[in-house]
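Chemist: Structure below; questions to follow.
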Amino acid sequence: MLTAGRTTGADPAIGLETQVTARPETGSWAVSSRLAPELQAIVALCGEPISVAEISARMRMHFGVTRVLVGDLRAAGHLDVHVGGTEDVFDPALILRLIDGLRAIS
């Protein structure tokens, strides 16, 4: 329902390790009160840089749904998405840190 049935077609730049931050003006009550509660919660989590994987885990949402919502919030001007270099995606140390972080959440 949150994604209107969309689970694919999310912004390909938004991956598991992608860091996201809220734009400063998004934190105002007038702006955030117009968002659905789930979207408000995502924006609130993004006060400090946070990965899409961590947003997904903390919100207890499927990763595909989280990607769609983060993409929507980015398109609406609420979030900034910080895309790293593509060579970092296959870094074994990064992958192990992600796995350790996800295990620590549960």
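The values are calculated or read from the model by the stated rules, or taken from the named source; none is laboratory data. Everything numeric in this text was worked out from a predicted model, so none of it was measured. A quick note on method: Cβ atoms are made from the backbone with ideal geometry, for glycine too, and the neighbour counts reach across all protein chains shown. The area values use the complete protein model at the heavy-atom level, side chains included, leaving out ligands, DNA and RNA. Shrake-Rupley method; radii C 1.70, N 1.55, O 1.52, S 1.80 Å.
Chemist: Check which residues have an amide H placed less than 5 Å from Ile50's amide H, if you skip close sequence neighbours.
Modeler: Long-range HN contacts for Ile50: Val20.
Chemist: If R₀ is 22 angstrom, what is the calculated FRET efficiency for the pair Ala36 and Ala75, using the beta carbon separation as r and rounding to 0.05?
Modeler: Working: r = 15 Å, r/R0 = 0.68.
The formula returns an efficiency of 0.90 here.
Chemist: Could I ask something else about it? Roughly how much of His82 is accessible, in Å² to the nearest 10, using a 1.4 Å probe?
Modeler: Here the accessible area works out near 90 Å².
Chemist: Once label points are set 7 Å from the Cα along Cα→Cβ at both Glu48 and Asp11, what is their separation, rounded to one decimal in nm?
Modeler: 2.3 nm
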